[in-house]
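Asker: I have a structure I would like to understand better, so I am pasting it below and will then ask my questions one at a time.
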Amino acid sequence: MLRQAAEEAGLPAPGERAQADLAAMIEAMTRTELWGEIRAATRTVRELDFLLPLGPLTLRGQIDLLYRGRDGRWHVVDYKSDATAKKDRKKKS
C-alpha cells in the first residue's frame, strides 16, 4: 500500500522499516474502539476542507474524518502518526 502511494505521488519507494511501521499502525488502529465506531457510522466524510471566521482572522484547515455515529452525533477525527500519550489518543467533545 505504501509503495503504491509513493509511486503514484512520484516519490521514491519506502524502505522496509517504513512499510513495517505503517502495517503496525494500521493493525493497531483496527483493534481500537474508535475503529468499531467508524465502521458502524451512518455517514462519513473524509478530508473535509473548512474555513472558520475568528474575528478579523479566518482559520483554514482540513478535517481528516467526520462521522455520524449511531447515536446521531457528529464526531471529528484528527489522525496522528506520531507517538502520543494514551490519554490524548481519543478526545470526545
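The values are calculated or read from the model by the stated rules, or taken from the named source; none is laboratory data. In this text the structure is predicted, and so the values were computed from the model without any measurement. Ligands, DNA and RNA are excluded from the accessible area calculation, which covers all protein heavy atoms including side chains. Shrake-Rupley method; radii C 1.70, N 1.55, O 1.52, S 1.80 Å.
Asker: Of the accessible area of segment 20-81, with the probe set at 1.4 angstrom, what percent is carbon plus sulfur?
Answerer: Values: 2630 of 4840 Å².
Whole-percent figure for carbon plus sulfur exposure: 54.
Asker: Report the extension gain between residue 62 and residue 28 in nm, rounded to one decimal, defined as 0.36 nm multiplied by the number of residues separating them, less their alpha carbon distance.
Answerer: Details: separation 34, 0.36 × 34 = 12.24 nm, distance 2.39 nm.
Taking residue 62 through residue 28 to full extension adds about 9.9 nm, to one decimal.
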